[in-house]
Structure formats: C-alpha cells, structure tokens
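These notes are about the structure you will find just below.
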C-alpha cells in the first residue's frame, strides 16, 4: 500500500488518448535443418512462375525436391507477406505422396493467413487441423492474437469454444493470453469486460492484473489503471517490478513525468528496487524529450546502483544524442559499449541506420549496414526499408535497386512497406513502367495496394498513350479494394481512348481533361 500513498488513487482521475503500439503476431525463430540452396531453388520457381499464370505446381513436380517439414517452413517464411503463392505452395506440398503436413507446417501457414487477415481460410484450416489431430496451443494463441489485432473481440473469444471442442484445457494462462492480445490491440475496455465476465470461471493471478494494467496504460486511461492497481492489492497481490515498470511507462506515456519520477524514487526506498528495464524506461523518456542531462544522470545512477547497463540502454542514449546531432557522443557511447563488453545488437545498428537515413546520409547508413553484417548480426526487413527510402530520397536509383536485390538475396520477403517505398520511389523518379510491374506483382501476391501518388502514375502513362495498362490496373485496384485509385485509372483510360478517337488535345502535364 506504500506505493498507493504516492498518489495512485490521486492520479487516477487522469485520462488520456491512444498510444503507439504494434501487434506482432509471430516472431520467426527456429533452427532449420533444410538445405539453403534447396530452399532458394524452390523459392526461385515460385517467384518466376506464380505471377505468369503458368503451372507452378507442374514445374515443382519436375524439380525432384527433397520435401521436408523444415524446407516447407522456410519457404513459407520467405513468402509470409505473399499469401497467395504461400498457400499454393502449401497445398502443393500437402498433396505430394509420402509427405504430410505436421503441426509445425500447419502453424506456419496459419501464421501467414493470420498476418494477412485471411480469417475464413484460417478458421477452415483450424478445423482441418482438428480433424487430423495436429492442433497445438500455439495454433490457438496465433488465432487469438490475429483476431485481437484486427479488433475482432467476439471472434477472439470464440477461439475458447474451439479449444473446448477439441478437448483443450482453457485455463487462466489462456485467458491472460487473450487479455494481453486485446490490450496490445488497444482494446483495454473489451479486455476488462471479458475479465469481469470470466473471472468466476478462472481465478485471476498477478499476471492477469498486470496485463489489464498494461492495457489501460497503453491507451492512457490512468483512472482505470489505478482501479486495477488498487484491486490487485485488495485481492492480496503485491505489485512486483513488472507491474511497477508498467505503471511508470503508463505515467510517462500520459505525460505525467513528475508522477513517474516520484514512483521511481519510492521504488528505490520502499522496493521493489528499479532494474535495468526501469532505468531504460526513464532514460528513453528523457531522450525523447531531448533532456539529455537528465538521461545521463539516470544512466550514471544506474551504474552506481550496481545495475549493469545493457545494449538497450545504450541504444536509447545513442538515439537521443543522435537526434541532437551530437555524433561525438554517439561515437563515444559506441566505444564504451565495446569496452564494457556490451557490443551493439540489432536494435543498436537499426537505430544508427535510422539516425543516418533521417539525416539524409544514406552512404553512411550503408557503411553501418556493412559493419552490422561483418559483426554477424542479421538485419531485419526494417533495415532494408529504411535504406531504400533514403537512397530514393537522394535520387540514387542504382543503390535503391541494389538494396532491394540484397534484401531478396538474403532471403527476406518484401513486405507492404518495402513495395510502397520502392514503387513510390520509382514513380517519383519517372520510372512508372517499372513501378507498374512491381505494383502488379504486389497485387498478384494477394497484398493490398499501397497509398501512392497515383496522379503522377497516371500522368506518366497518359503521356505514353497506354490506356490498356490503366484499364488493367483499374481492375486490379478494384479487386484489392482501392476503389478511389481504381476510379482514377478508369477515368483516365476512358479519356485517353476518347482522345485517340477524336485526336483531341491532352493537358501538357498529362492529367485527364
């Protein structure tokens, strides 16, 4: 109750808005035993034949592929953002004599469908898995997270019924997973309602309350967060370091910095003692506010308290000083990391690349990327997207293409952002033909059409007098749900056809009359 004296009940009247968060359905981390060259060979066939309306499956049949579960998972990972080729390959593999999908390959395909919000197909696959006896808890968790991320609360809860149908035990751990998924999707109110509804069926634990607390803090509803905190104590649960860190972060997110500092000080005197995560939260916030003096003070206090800093803390400071263009301090911190036996990790390298690309220094970002690879740290899709965008901003077409090639050679499946960055960059450079090819490729893979400067796109094709291309793009845009873009292409294609018939004038800037 000592922490409540700090003002938890007092600050409970504060409310706030939304918070920035992303919901990641799945992280890919398993050690594959498949042959990388074999995976590459299969992916090349899919890449080359899928979009050409040719018999991809027949060519795969002729390749003499040594089909294993690890290989299937690796191929699905490569096409995780491209649901159509992924699903066709999955179905082809499942029909091959001597091969049957197991729970791992099914779960991987469920993940692909979940990421792309293909819920009807996903549910049908869950039923198929149930009939074959290969459902696992991971399957249900993936489905719950997918529906929660799409703000489909009732469907997420409906997974409970599916679990009972297939005799899976639904316990407080399952409830906590659902509550956490709803909270991450900014559905704190729905999570609280579900908690109240099911609390008689499942005895809540400390994690249940901490998850609810985090959900309310994410949406900056401190009054509701305070109620959860008080109830947690009333029910006999002592808030641990995780709960305290959640509350500190919630206070900072709601711009209640003085309250967060006060809670932090109480933790130092009354417990639980702040840990690395606690200090990182505070340091990151002061770096965001460009209060580097305060950030450094907490960093030094962290050292003195016997709490060794990790790469995450250093990354916060590097970002803070980098945003102030204090590159001398950035290099000093990088050197200190090495000396302290805490070398930069993937987050650190990505933070450096982001700093340099934001400051329009793509060549320097490329040097950091090469150092990252030499160190043995794997890039992410975000790494490539940042560098491509930066090179397009400097109108360096060749390097942008080189980054795209590097990304695919390293086995990364371009995501929506990758295509949007690359297509948008091509359009701005007047390479609408190449942009058109990539846009069609994107749509054929089952991905959504990006938000682009379609007016310039249309103007380029209008000047070239190619109404057929615009008509085809209009059709594909309509199928993908981009009605406005579809209408633009349709109108301009019609205008171009009329122009050809009457040989009338076209505006010099290429816009439709």
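Taken across region 243-250, residues that are touching a residue at least 24 places away in the same chain (Cβ under 8 Å), outside any helix (DSSP H, G or I) and within 30 Å of residue 300 (Cα to Cα) do not occur at all. In region 375-414, which residues are loosely packed, with under 14 Cβ neighbours inside 10 Å, over 24 Å from the mean Cα position of the chain (by Cα) and more than 26 Å from residue 320 (Cβ to Cβ)? Result: 395, 398. Taken over region 133-168, the criterion of being more than 25 Å from the chain's Cα centre (by Cα) and touching a residue at least 24 places away in the same chain (Cβ under 8 Å) is satisfied by 134, 135, 162, 165, 166, 168. If I filter region 216-242 down to residues being assigned to a helix (DSSP H, G or I) and under 25 Å from the mean Cα position of the chain (by Cα), which single residue comes out as nearest to residue 297 (Cα to Cα)? Checked region 216-242; the qualifying residue nearest to residue 297 (Cα to Cα) is 242. Quick check, is residue 50 modelled with pLDDT under 85 and surrounded by fewer than 15 Cβ atoms within 10 Å (Cβ to Cβ)? When the stated conditions are applied, residue 50 does not pass them. For region 369-378, residues that are closer than 24 Å to residue 419 by Cβ and either at pLDDT 95 or above or assigned to a helix (DSSP H, G or I) (or both) total 3. Could you grab me the full set of residues in region 167-185 that are surrounded by 20 or more Cβ atoms within 10 Å (Cβ to Cβ) and part of a loop (DSSP other than H, G, I, E, B)? Scanning region 167-185 gives a single hit, 185.
Across region 48-60, the number of residues qualifying as touching a helix residue (DSSP H, G or I) at 6+ places or on another chain (Cβ under 8 Å) and either in a helix (DSSP H, G or I) or touching a residue at least 24 places away in the same chain (Cβ under 8 Å) (or both) comes to 7. Restricted to region 160-174, and to residues there that are modelled with pLDDT of 90 or more and in contact with a helix residue (DSSP H, G or I) (Cβ under 6 Å, 6 or more places away or on another chain), the residue that is nearest to residue 202 (Cα to Cα) is 163. Only one of 196, 200 is modelled with pLDDT of 90 or more, on the phi < 0 side of the Ramachandran plot and surrounded by fewer than 23 Cβ atoms within 10 Å (Cβ to Cβ). Can you tell me which? None of the others qualify; the one that does is 196.
Condition check ((1) part of a helix (DSSP H, G or I); (2) in contact with a strand residue (DSSP E or B) (Cβ under 9 Å, 6 or more places away or on another chain); (3) at pLDDT 95 or above; (4) surrounded by fewer than 18 Cβ atoms within 10 Å (Cβ to Cβ)) across all residues:
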residue	(1), (2), (3), (4)
105	yes, no, yes, no
113	yes, no, yes, no
131	yes, no, no, yes
145	yes, no, no, no
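For residue 264, indicate whether it is touching a helix residue (DSSP H, G or I) at 6+ places or on another chain (Cβ under 8 Å), at pLDDT 95 or above, over 17 Å from residue 243 (Cα atoms) and part of a helix (DSSP H, G or I). Judged against the criteria, residue 264 is not a match. Residue count for region 70-107 under the criterion of being touching a helix residue (DSSP H, G or I) at 6+ places or on another chain (Cβ under 8 Å) and more than 26 Å from residue 438 (Cα to Cα): the result is 11. Listed by first and then second residue, the pairs with beta-carbon distance under 7 Å, at least 6 apart or on different chains, first residue in region 432-457 and on the phi > 0 side of the Ramachandran plot and surrounded by fewer than 21 Cβ atoms within 10 Å (Cβ to Cβ), second assigned to a helix (DSSP H, G or I) and modelled with pLDDT of 75 or more, are 446/83; 446/84.
The values are calculated or read from the model by the stated rules, or taken from the named source; none is laboratory data. All of these numbers come straight from a predicted model, not from anything done at the bench. Here Cβ is always computed from backbone atoms with ideal geometry, including for glycine, and neighbour counts include all displayed protein chains.
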